Amino acid sequence: MQNTEKYTRFALCREMMQTADIIRNFKLTGVQKPIEAIKKTGKILFTGEGSSRIFPAKNAIFAARRAGIDINFATDGARQCGEYDLRGFTVFGASNSGKTKEVIWLFDRLKKVGYNNLFALTANSNTPLEALSNQGFLLSCGKEDAVAATKSVAEQALFYVELLERFQGKSLAGKLNKLADAVHKAMAMPIPQEMIKAVAKAGTIYFAGRNDGVAEELTLKTNEIARKKSDFLEGTYAVHGIEEVMNPDDVVIVVNPFAAEQEKFKQVLVDGVGMKVFAVSDEDTIFPTLKTPAVGQLQNFVYLAAGWNILVEVGLSIGIDLDKPARARKVGNEFIG
């Protein structure tokens with residue numbers, strides 16, 4: 001995906017390309033209140049709908065558990081969270097519009113019964129969600145015109161990771177330039193024609209990988225950007241039964257595959273089903289691999305950007321107008337009380 005008219009005529013591509021600078025210029029201020037709440041409660045719930053939750057929440061939880069942060073983490077959609085006993089949780093609700101009706105419903109319900117650790121994360125000011133929270137945080141990315149959320153997803157995720165860094169007395173500040181460069185490179189690198197053609201003609205595109213939000217978010221983006229059927233296969237689910245219903249013209253894209261499981265994937269999917277398997281990784285794999293720059297702790301942001309790149313090229317190869325889906329609309333563009 002290059003900075004040429006072929007791509008920049010689409011709002012989706014322009015917004016993707018803005019992500020690197022959003023990361024480079026990211027600053028987190030005014031977070032003493034939520035940090036104190038987290039220290040007091042020891043419990044965090046990340047909620048939201050669709051892309052405002054999948055990657056931001058799951059990536060943060062994955063990173064925190066790898067770092068050994070002693071906090072009880074939870075995430076689910078707002079309606080399901082409304083069925084939980086959330087006493088003692090510090091609750092973060094993410095909504096780009098600040099009007100997502102499910103999150104509004106949950107915050108209104110919690111506020112009415114006396115919750116006072118409600119924090120909103122939005123890209124618009126003076127929203128219903130902010131009004132229901134004890135403190136709101138405004139993203140710098142601004143409004144998105146494309147239906148598929150991209151730059152807001154990255155900034156929401158960065159907010160949560162930096163918040164948890166501050167909780168530990170650390171900061172991502174010295175790592176952001178390197179991450180921004182890597183994200184830009186991942187979005188600009190050429191995608192092999194073999195991958196584009198196989199994904200474009202696939203009946204179903206499967207994304208496999210860790211439950212860290214990357215593969216699952218790309219599964220959703222496949223529907224919105226490439227308009228193809230897709231499924232998320234957590235961990236090694238791809239080789240534990242679903243191969244019975246896979247077809248040779250299906251494709252699996254494995255994000256950061258486990259080294260110990262690569263041969264199993266080859267035996268079951270490539271040799272057994274006869275399908276193509278590709279990888280997105282910062283290391284070489286036994287599969288045709290889109291190899292990204294390595295940035296360590298923040299690698300998932302780079303994998304996500306590489307996935308966007310693949311999907312844009314696939315969408316363009318089959319003649320899709322990336323900005324005009326037939327049915328999909330942004331959740332929360334209209335507030336319903």
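Some notes on this structure:
- Counting Lys and Arg as +1 and Asp and Glu as -1 over every other residue whose Cβ lies under 13 Å from the Cβ of Ser230, the net charge comes to -1.
- Using alpha-carbon coordinates, inclination of helix 151-167 to the longest axis of the chain, degrees: 60 degrees
- Sequence-distant lysines (8 or more away, or on other chains) whose Cα lies within less than 22 Å of Lys276: Lys197, Lys201, Lys221, Lys228, Lys229, Lys264, Lys266, Lys291
- Compactness of the stretch 151-196, expressed as Rg and Dmax over alpha-carbon positions, Å: 14.4, 46
- 3J(HN,Hα) along the stretch 135-140: 7, x, 10, 9, 5, 8 Hz, from the Karplus curve 6.51 cos²θ - 1.76 cosθ + 1.60 with θ = phi - 60°, whole Hz, x for Gly and Pro.
- With the simple spin-label model, which puts each label point 7 Å out from Cα in the Cβ direction, the Glu243 to Glu36 separation comes to 5.6 nm.
- Stretch gain in nm, segment Arg66-Lys175, where the contour uses 0.36 nm per residue and the Cα spacing is subtracted: 37.5 nm
- Note, ³J(HN,Hα) from phi for the stretch 212-221, Karplus 6.51, -1.76, 1.60, rounded to Hz, x at Gly and Pro: 10, x, 5, 4, 5, 5, 5, 4, 5, 5
- Local electrostatic count, Glu313, Cβ distance below 11 Å [Lys/Arg +1, Asp/Glu -1]: +2
- Positive-pole candidate from Ser95, Thr19, Thr29, dipole of the stretch 1-113, charges at beta carbon: Thr29
- Lys291 sits among other residues whose Cβ lies under 15 Å from its own Cβ, and their net charge, with Lys and Arg +1 and Asp and Glu -1, is -3.
- Cα→Cβ-extended label distance, 7 Å offset, between Ala260 and Gln80, nm: 2.8 nm
- Unit charges on C-beta of K, R, D, E only; dipole of the stretch 1-114, Debye: 160 debye
- Positive-end residue, the chain charge dipole about Cα centroid, Cβ charges, pick of Leu164, Ala279, Leu132: Leu132
- Values of log10 I(q)/I(0), in the order q = 0.11, 0.18, 0.20 Å⁻¹, for the stretch 229-329 under a Debye, Cα-only, solvent-free model: -0.39, -0.96, -1.11
- Options (i) 16.4; (ii) 14.8; (iii) 17.7 - which one matches mean projected area of the Cα convex hull in nm² as calculated here: (i)
- If R0 is 56 Å, the Cβ-Cβ spacing of Gln135 and Val270 corresponds to a FRET efficiency of close to 0.65.
- Net dipole in debye of the chain [+1 Lys, Arg Cβ; -1 Asp, Glu Cβ; about Cα centre; nearest 20]: 940 debye
- Kirkwood Rh, Cα atoms: Rg over Rh of the stretch 27-171: 0.92
- Put a dot 7 Å past the Cα of Lys27, heading toward its Cβ, do the same for Asp284, and the two dots end up 4.4 nm apart.
- Normalised contact order of the chain, rounded percent, pairs of Cα under 8 Å and 6 or more residues apart: 20 percent
Computed from the coordinates by the stated procedures, all read-outs in this text should not be read as laboratory data. If you're wondering where the values come from, they're calculated on a predicted model, not measured in any experiment. Ideal geometry is used to build each Cβ from the backbone, glycine not excepted, and the neighbour counts take in all protein chains shown.
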